[in-house]
């Protein structure tokens with residue numbers, strides 16, 4: 001039996017990413033599971049239900065004998081405006097969710113963390129808790145929550161971190177992974193630095209692991225991809241889906257998802273792939289499985305320093321042109337280049353605390369070893385973790401690709417992103433700009449601003465000190481045996 | 001005398017599956033070099049040791065209990081076994097849960113261990129009852145992960161409690177120096193220090209060495225875990241399969257009795273010669289003298305394989321202050337299998353200087369032989385030694401773990417499950433003592 005995970009997608013951004021994730025996940029399972037059998041791999045993120053009933057009951061796994069009746073995503077959708085969620089419910093994925101999984105309001109948070117966290121949190125807290133509880137009760141071994149939201153807006157950052165606290169409180173033993181989309185420097189939301197910093201305090205305190213993603217990095221990657229793909233092929237989906245068979249139950253859902261690309265789709269697709277690759281090894285077979293709880297165990301040396309820099313490669317495959325697959329070693333090199341990181345940072349020139357390579361597809365351990373040996377001399381690792389590599393191998397590659405690589409690393413370069421965020425925060429905070437919009441919300445105090453800033457400062461200092469000392473200062477000589 | 005194999009964690013289960021399959025392939029092999037009658041006797045002895053023969057079944061059943069915290073690997077291993085058409089795993093002797101230990105020794109040892117103990121021991125008891133005479137246990141685990149190492153350590157302690165008179169031989173796989181699990185050095189330190197209290201012997205194999213054997217001797221281009229596990233099992237089987245000393249067939253308990261003469265010294269390593277791909281084997285012939293000479297040099301120079309041994313290392317060249325450059329051991333056992341074993345001369349291993357000063361070659365050395373060929377090799381030799389060579393990787397692991405511990409890195413992940421700083425310190429103290437002892441050898 002495998003474990004299950006629940007995705008909680010909050011706000012516009014979170015729901016869009018979530019939507020892409022479910023779409024891709026269905027495709028991925030469809031390409032592997034051609035018979036349309038409800039198997040353990042599916043069970044980790046989907047329920048199989050008899051949808052004739054109003055409150056659909058689970059059809060349990062019957063040792064791979066049962067056919068798929070109707071798949072429901074193990075998801076909770078939260079948004080304080082209706083737009084995105086109601087679009088999802090009109091769209092091709094509508095059957096994957098039922099209305100009991102949705103929580104929406106109409107008025108939005110006005111890009112105000114306090115409104116999302118304090119006001120809506122108080123108002124919808126019980127309902128959110130109840131909805132999540134229902135989803136949790138459908139799992140027989142719940143291992144992980146994935147929380148998807150943006151940091152800049154009001155709903156994602158405010159309600160998102162409210163949900164995080166609630167989960168920490170009610171499910172202390174279930175891992176909490178947060179995928180947080182950070183605003184770029186030139187964000188059009190004036191208050192985004194406030195929202196981000198206020199949210200970050202919660203992430204630092206209550207998440208087990210945060211995967212920060214920067215909008216600017218996504219934009220750059222998308223541009224890079226569209227340049228690389230020959231003209232006339234732009235607008236194609238980033239990931240080839242050409243070899244999906246269309247006769248399975250799963251793809252029957254998938255067939256209806258063809259639609260026009262929206263501006264954020266390509267960007268969200270990248271984040272959705274991140275989630276897909278991260279969970280692949282927990283969903284499929286592999287000669288070296290990486291369970292989700294191994295990620296925090298290996299990559300988080302100190303409890304607060306749980307922000308992981310991620311990168312993926314290859315970023316695209318050509319859909320129609322039959323070029324030879326990219327050289328395997330190139331994939332590893334790419335993943336360590338600046339251009340492939342999902343935040344604007346350069347881990348190669350900073351200090352690694354730990355690094356993981358999650359490989360999918362037809363790759364052997366010796367390929368990974370060769371590449372570690374090749375890359376290692378050019379990377380700087382902290383003294384007490386010079387061999388800080390974690391590797392995972394999943395046999396099933398992403399749809400349409402021979403292999404893929406996801407790197408997740410705990411690297412001090414993250415402090416640069418945090419410092420720039422802090423600077424933007426301080427610029428507003430010095431002038432006390434817009435503060436009254438926040439403090440006028442019940443339960444919000446000035447102290448929230450100062451303590452959030454303090455929390456961020458100490459996080460930056462922690463990374464900074466490790467970067468400076470390289471971990472040498474704390475070394476003590478070994479125990480001596482009295483002879 | 002029968003032996004029960006306890007397969008712990010992902011690695012333990014994969015190796016266990018491979019071990020039984022290596023043994024099963026070997027007894028059905030036609031390249032046995034002995035009379036049909038003798039081959040049959042040999043086969044029966046092997047089956048008695050490692051398999052049950054249930055009535056009304058076309059399969060023999062491995063004497064094994066399987067434990068893992070997730071089901072994928074166990075299911076796969078059972079399935080592959082059945083495909084052999086010869087052997088399978090016994091029903092209902094598999095214990096798995098839904099949630100792994102996440103590379104966390106403390107999660108395995110402090111949380112899963114106590115929860116699974118009763119169920120697992122029940123299975124072990126049931127397996128033991130199937131044996132006419134139980135000599136002991138072979139427990140397979142890796143040092144790096146959480147389930148094999150953490151739960152494995154706990155189960156080993158339970159085995160020791162319930163079967164105080166049976167031997168427990170651990171086979172541990174030493175992780176690659178880099179790349180598998182970041183907290184592997186912590187897990188290894190915690191596991192080894194505990195196993196040292198409970199096990200009779202710990203057979204150590206290093207992934208880095210196994211990897212080299214695969215690439216340089218077996219000429220495998222893309223090395224998978226299966227290839228590595230095959231080498232592990234070749235080594236294990238070369239020692240564990242029946243062989244005689246001058247009088248009688250030796251069972252594994254007697255093996256350990258000879259190899260571990262002192263409770264402070266429990267680390268064993270196995271060296272094999274020859275090891276080569278089937279393709280090369282066709283064109284090769286060997287003389288016993290050459291094989292044994294090479295094996296001795298592998299021992300002296302502490303080499304894991306016959307290629308690239310340092311022939312400069314000799315027993316004569318002590319440094320002025322009396323310390324020695326060459327490897328030394330407390331006990332050696334040479335096991336020769338195949339054609340003309342009677343003519344295999346072991347006198348090269350009888351030199352005083354190969355052994356610690358407080359023992360004597362007559363006591364420290366034993367030779368076992370078996371004229372039935374093993375694993376397609378016309379002639380092959382294995383040397384299992386209680387020697388210094390595991391201290392090199394052990395020292396490396398203790399060093400890395402100590403650096404991490406002194407920086408307090410990752411400690412919170414362990415204390416969260418109830419492990420304390422003192423537990424860590426105790427483990428470090430135990431292993432520093434082990435290192436110290438072997439250094440004096």
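Can you work out D for the range A:91-184 in µm² s⁻¹ from Stokes-Einstein, where Rh is the Kirkwood radius over C-alpha pairs, the temperature is 10 °C and the viscosity is 1.306 mPa s?
Working: Rh = 14.1 Å.
Once the numbers are plugged in, D ends up at 112 µm²/s.
For the range B:189-335, what class follows from the C-alpha gyration tensor (a ≥ b ≥ c being the square roots of its eigenvalues): rounded when a/c is under 1.5, otherwise prolate if a/b is larger than b/c, else oblate? Cα axes put the range B:189-335 in the rounded bin.
Considering every alpha-carbon pair of the range B:2-245, the percent of pairs per 10 Å bin, from zero through the bin containing the longest distance, is 7, 33, 37, 18, 4, 0.
If you look at the Cα atoms of the range A:1-141, you get an Rg and a Dmax of 15.8, 50 Å. Distance between the 7 Å Cα→Cβ label points at residue A:450 and residue B:416: 3.2 nm. Mean sequence separation of contacting Cα pairs (under 8 Å, at least six apart), scaled by the length of chain B, corresponds to a relative contact order of 17 percent. Annotation: the antiparallel percentage among DSSP beta bridges lying fully within the range B:318-441 is about 60.
Work the Kirkwood hydrodynamic radius out for the range A:60-142: mean of 1/r over every pair of different alpha-carbon atoms, inverted, in Å.
On the way: mean 1/r = 0.0686 Å⁻¹.
Evaluated over the range A:60-142, this radius sits at 14.6 Å.
First check a/c for chain A, with a ≥ b ≥ c the square roots of the eigenvalues of its C-alpha gyration tensor; if it is under 1.5, answer rounded, and if not, answer prolate when a/b is larger than b/c or oblate otherwise. Verdict is rounded for chain A. Could you estimate the translational diffusion coefficient of the range B:292-402 from the Stokes-Einstein equation, with Rh from the Kirkwood formula over C-alpha pairs, at 20 °C and 1.002 mPa s, in whole µm²/s? In µm²/s, the coefficient is 140. Once divided by 2.2 N^0.38 Å, the Cα radius of gyration of the range B:355-421 becomes 1.96. Looking at the protein assembly as shown alone, DSSP beta bridges between its own residues are antiparallel in about 35 percent of cases. Annotation: the range B:240-313 has a Kirkwood hydrodynamic radius of 14.9 angstrom, from the mean reciprocal C-alpha pair distance. Shown here: the range B:392-440, whose C-alpha atoms stretch 38, 16, 14 Å along the first, second and third principal axes, sorted largest to smallest. Using alpha carbons only, the radius of gyration of the range A:148-206 set against its Kirkwood radius gives Rg/Rh = 1.01. Normalised size of the range B:20-161, defined as Cα radius of gyration per 2.2 N^0.38 Å with N residues, equals 1.16.
Over chain A, what is the mean sequence separation of C-alpha contacts under 8 Å (at least six apart), divided by residue count, expressed as relative contact order in percent?
Numbers: 899 pairs, mean separation 81.4, N = 483.
Over chain A, the number comes to 17 percent.
What's the whole-number percent of alpha carbon pairs in chain B lying beyond 42 angstrom? Spell out each step's value before the answer.
Numbers: 10187 of 97020 pairs.
Summing the P(r) tail past 42 Å for chain B gives 10 percent.
Starting from the Kirkwood radius over alpha-carbon pairs of the range A:432-476, derive D by Stokes-Einstein at 25 °C in a medium of 0.890 mPa s and give it in µm² s⁻¹.
On the way: Rh = 13.0 Å.
This corresponds to a translational diffusion coefficient of 189 µm²/s.
Beta bridges assigned by DSSP with both partners in chain A are antiparallel in approximately 40 percent of cases.
Entry note, the range B:2-245: relative contact order of 24 percent, from Cα contacts under 8 Å with a spacing of 6+ residues. The P(r) of the range B:65-143 has a tail past 21 Å containing 35 percent of all C-alpha pairs.
Over all alpha-carbon pairs in the range A:128-180, figure out the percentage whose distance exceeds 14 Å. Summing the P(r) tail past 14 Å for the range A:128-180 gives 52 percent. The slack between residue A:86 and residue A:370, meaning 0.36 nm per residue of separation minus the straight C-alpha distance, is 97.3 nm.
If you wrap the tightest convex hull around every Cα atom of the protein assembly as shown and split its volume per residue, you get 175 Å³.
Throughout, read-outs are computed from the coordinates displayed, never taken from laboratory work. This one's a predicted model, so the numbers in the text were calculated from it and none came from an experiment. Using ideal geometry, Cβ is built from the backbone for each residue, glycine included, and neighbour counts are taken over all protein chains shown.
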